[in-house]
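Trainee: Structure in structure tokens, see below.
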Amino acid sequence: MRILLLGSGGRENALAWKLSQSPRCESLFIAPGNAGTSQFGTNLNFSVTDFESIKKACIDNKIDMVVVGPEEPLVKGVTDFLISSSSLKNLDVIGPGKAGAQLEGSKAFAKAFMMRHNIPTAAYREFTLDNYTAGIEYLKNHSLPIVLKADGLAAGKGVVICENHLEAIAEFELMIQRAKFGEAGKKVVVEQFLKGIEISVFVLTDGKNYVLLPEAKDYKRAGQGDTGPNTGGMGAVSPVPFVDEVLMKKIEDKVIRPTVEGLKKEGLEYRGFIFFGFMIVDDEPYMIEYNCRMGDPETEVVIPRLKNDLVELLDAVSNQELDKVKIETDPRTVCTVVAVSGGYPGDYTKGLEINGLGDINPEDSMLFHMGTTIKDGKVVTNGGRVFCITSYGRSIFDAVEISKEEMQKVTFKGMAYRNDIGYEFE
Ligand code: AMP
Ligand code: GLY
């Protein structure tokens, strides 16, 4: 099979690593990819939202399957665009169409979907300029803290948790009146704050059936002990120690099955990954968010635990034969630690030379590139999150220690990482 993978992060490096291991992967192309993905296939230099270039690359390279990594092209309709193209007759696309991708593309859509299918989630209301005054009144009487969410995609920055009413009203005004998040924030979801433990569960669905992939927990805050600003994720662990069969059964019965069945009932064609973000409150799962893709850095711990052939698995998705598949999981614990550029998630420098990338001991660890590129034959930084080191271990502590040890071998100017990933499980 000839495969085109869209994206350029650590998620895509992990997917490229896994896809290329399959005997069924004849050729792998990654667009635009990073310095790491080029070890496993051919990088193509165009953006994930350049639909015409994607289509041309599919024709020129006789692509059989497109795997879409990030949310932006999905929400913009890349799947519908490719599937409906008369020059791409037998192409399979892993990733939902525009309608299904609304699960991530619109928080208001996702909340209404959860309501329609009785999926447990935080209480909420939605507001726009039309009911702005009612929104202010609603905020004044809301319990604290208050969660405000820009409806649309806001590069992971659209959720603001406000500790007092004045702050919430100011933020609400910024979003609706002053377009703080552009179009994405002109509709705002105001949500009850849930206090609990967050976990992420990943599902692959063919629209009829689904399989569960290993669960994970990511570490979003920039600083040690979960302090400081939110980031895309500074590390991840899988499995998550407190997730037992009883909790997993609740998650499947109350959320996952109703979601897959809900999509089917509503005629929302969905072949791809669904990322379920949960808050576990008193052993009960509440849905925080859907993503229409895998997580990053969660993929860098989930995929290394997956023993199945990924090409076969994705082919079963395209053929709606996931009911014939059994997921095989590596029982070992896997953790990843992310190295970021100084200043991230604020301003940071790009183009810094990275040394020691080839020195990782391959026995228990691997290095996935995140924001890197090749310049004048050298690997340089090209993003805030630069690479991550994933390790297998007997425990979370063990795996994190191995990653941290390997981390010493790689250097670039201003490199930083959290050394406490998985701290609450020690
Ligand atoms: P999201 O962009 O939807 O992933 O939200 C970002 C983060 O905000 C989540 O990972 C949670 O930590 C937090 N969050 C979102 N919604 C809630 C909520 N209702 N209660 C508490 N925390 C929340
Ligand atoms: N790590 C969180 C995400 O991928 O959205």
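Trainee: Taking every pair of alpha-carbon atoms in segment 24-137, what share in percent sits in each 10 Å bin, from 0 to the bin with the longest distance?
Mentor: 12, 34, 25, 16, 11, 2
Trainee: Can you figure out the FRET efficiency of Arg116 with Ser84, using R₀ = 45 Å and their beta-carbon distance, to the nearest 0.05? Don't skip to the answer; put the middle values down first.
Mentor: Details: r = 27 Å, r/R0 = 0.61.
Between Arg116 and Ser84 the formula returns 0.95.
Trainee: Suppose R0 equals 25 Å. What FRET efficiency, 1/(1 + (r/R0)^6) with r the Cβ-Cβ distance, do Leu212 and Glu183 give to the nearest 0.05?
Mentor: Taking R0 as 25 Å, the efficiency between Leu212 and Glu183 is 0.10.
Trainee: Along the charge dipole of segment 350-426, pointing to its positive end and built from +1/-1 on Cβ of Lys, Arg, Asp and Glu, which listed residue (Ser391, Val379, Thr411) has its Cα farthest out?
Mentor: Of the options given, the answer is Val379.
Trainee: Here is a further query. So what is Rg over Rh here for segment 179-236, counting just Cα atoms and using Kirkwood for Rh?
Mentor: 1.08
Trainee: So what is the 222 nm mean residue ellipticity for the chain from helices alone, if each DSSP H run of at least 4 adds -39500 (n - 2.57) and you divide by all residues, rounding to the nearest 500 deg cm²/dmol?
Mentor: My calculation for the chain gives -7500 deg cm²/dmol from helical runs alone.
Trainee: Hey, another quick one. Over its Cα atoms, what ratio of radius of gyration to 2.2 N^0.38 Å does segment 50-198 give?
Mentor: 1.28
Trainee: How do the peptides 147-157, 175-185, 289-299, 115-125 rank, highest first, by the average count of neighbouring beta carbon atoms within 10 Å per residue?
Mentor: Peptide ranking by packing, descending: 289-299, 147-157, 175-185, 115-125.
Trainee: Okay, moving on. Applying the Karplus parametrisation 6.51 cos²θ - 1.76 cosθ + 1.60 with θ = phi - 60° to the phi angles of segment 163-177, what ³J(HN,Hα) value in whole Hz is obtained for each residue in order, glycine and proline being reported as x?
Mentor: These are the phi-based 3J(HN,Hα) values: 8, 9, 5, 4, 4, 5, 5, 4, 5, 4, 5, 4, 6, 7, 7 Hz.
Trainee: Projected onto the charge dipole of the chain (+1 at Lys/Arg Cβ, -1 at Asp/Glu Cβ, origin at the Cα centre), which of Asn291, Val203, Ala216 gives the Cα projection farthest towards the positive end?
Mentor: Farthest towards the positive pole: Asn291.
Trainee: Let me ask you something else. Figure the gain on full extension for Glu245 and Asp130 (residue separation times 0.36 nm, minus the Cα-Cα span) and round it to one decimal in nm.
Mentor: On the way: separation 115, 0.36 × 115 = 41.40 nm, distance 4.56 nm.
Contour length minus the Cα-Cα distance gives 36.8 nm.
Trainee: Still on this structure, please answer the following. Using all C-alpha to C-alpha distances in segment 347-426, build P(r) with 5 Å bins and read off the rounded percent in each one.
Mentor: 3, 15, 25, 22, 17, 11, 5, 1, 0
Trainee: Here's a follow-up. Per the Kirkwood definition applied to all pairs of different Cα atoms, how many angstroms is the hydrodynamic radius of segment 50-110?
Mentor: Computed over segment 50-110, the radius equals 11.8 Å.
Trainee: So what J values fall out for segment 355-365 if you push phi through Karplus, 6.51 cos²θ - 1.76 cosθ + 1.60 with θ = phi - 60°, rounded to Hz, Gly and Pro as x?
Mentor: 10, x, 4, x, 8, 5, 6, x, 4, 10, 10
Trainee: Rule-of-thumb check for segment 292-426: C-alpha Rg over 2.2 N^0.38 Å? Write out the running numbers ahead of the final one.
Mentor: On the way: Rg = 16.7 Å, N = 135, 2.2 N^0.38 = 14.2 Å.
This ratio for segment 292-426 stands at 1.18.
Trainee: Also, quick follow-up: Which lysines, if any, have their Cα less than 17 Å from the Cα of Lys89, not counting same-chain residues under 8 positions apart?
Mentor: Lys55, Lys56, Lys62
Trainee: Where does the chain land on the Kirkwood hydrodynamic radius, alpha-carbon pairs, in angstrom?
Mentor: With all distinct Cα pairs of the chain included, I get 22.0 Å.
Trainee: Evaluate the charge dipole of segment 102-217 about its Cα centre and quote only its size in Debye, nearest 20, assuming +1 on the Cβ of each Lys and Arg and -1 on the Cβ of each Asp and Glu.
Mentor: Numbers: 14 positive and 14 negative charges, 25 e Å.
The calculation lands at about 120 debye.
Trainee: Evaluate the charge dipole of segment 86-167 about its Cα centre and quote only its size in Debye, nearest 20, assuming +1 on the Cβ of each Lys and Arg and -1 on the Cβ of each Asp and Glu.
Mentor: It works out to roughly 240 debye.
Trainee: So for the chain, averaging the separation of alpha carbon pairs under 8 Å that are six or more residues apart and normalising by length, what relative contact order in percent results?
Mentor: Once normalised by length, the contact order is 17 percent.
Trainee: Right, next: Convex hull over the alpha-carbon atoms of segment 1-80: what's its volume per residue in Å³?
Mentor: Measuring per residue, one finds 76 Å³ for the Cα hull of segment 1-80.
Trainee: At 7 Å along the Cα-to-beta-carbon direction for both Glu52 and Ser27, put a label point, then send me their distance in nm to one decimal.
Mentor: Going from the Glu52 label point to the Ser27 one covers 2.3 nm.
Trainee: Determine which lysines satisfy two conditions relative to Lys111: a Cα distance under 19 Å, and not lying fewer than 8 residues away in the same chain.
Mentor: Straight-line reach from Lys111, under 19 Å: Lys98, Lys149, Lys157, Lys186, Lys187, Lys195, Lys254, Lys264, Lys265.
Trainee: Hey, another quick one. How many nm separate the modelled label positions at Ile327 and Glu269, each set 7 Å beyond the Cα in the direction of the Cβ?
Mentor: With each label point 7 Å from Cα toward Cβ, the separation is 2.5 nm.
Trainee: Something else: Could you give the size of the charge dipole of segment 259-390 about its Cα centre, using +1 on the Cβ of each K and R and -1 on the Cβ of each D and E, expressed in debye and rounded to the nearest 20?
Mentor: Its charge dipole is roughly 380 debye.
Trainee: Hey, what's the Kirkwood Rh for segment 172-331 if you take every pair of different alpha carbons, in angstrom?
Mentor: 17.3 Å
Trainee: Taking 7 Å along the Cα-to-C-beta vector as the label spot, tell me the Asp60-Arg2 distance in nanometres, rounded to one decimal.
Mentor: Rounded to a tenth, the inter-label distance reads 1.2 nm.
Bear in mind these aren't lab numbers, they're just calculated from the coordinates by the rules spelled out. Keep in mind the model is a prediction, meaning the values are calculated, not measured. Using ideal geometry, Cβ is built from the backbone for each residue, glycine included, and neighbour counts are taken over all protein chains shown.
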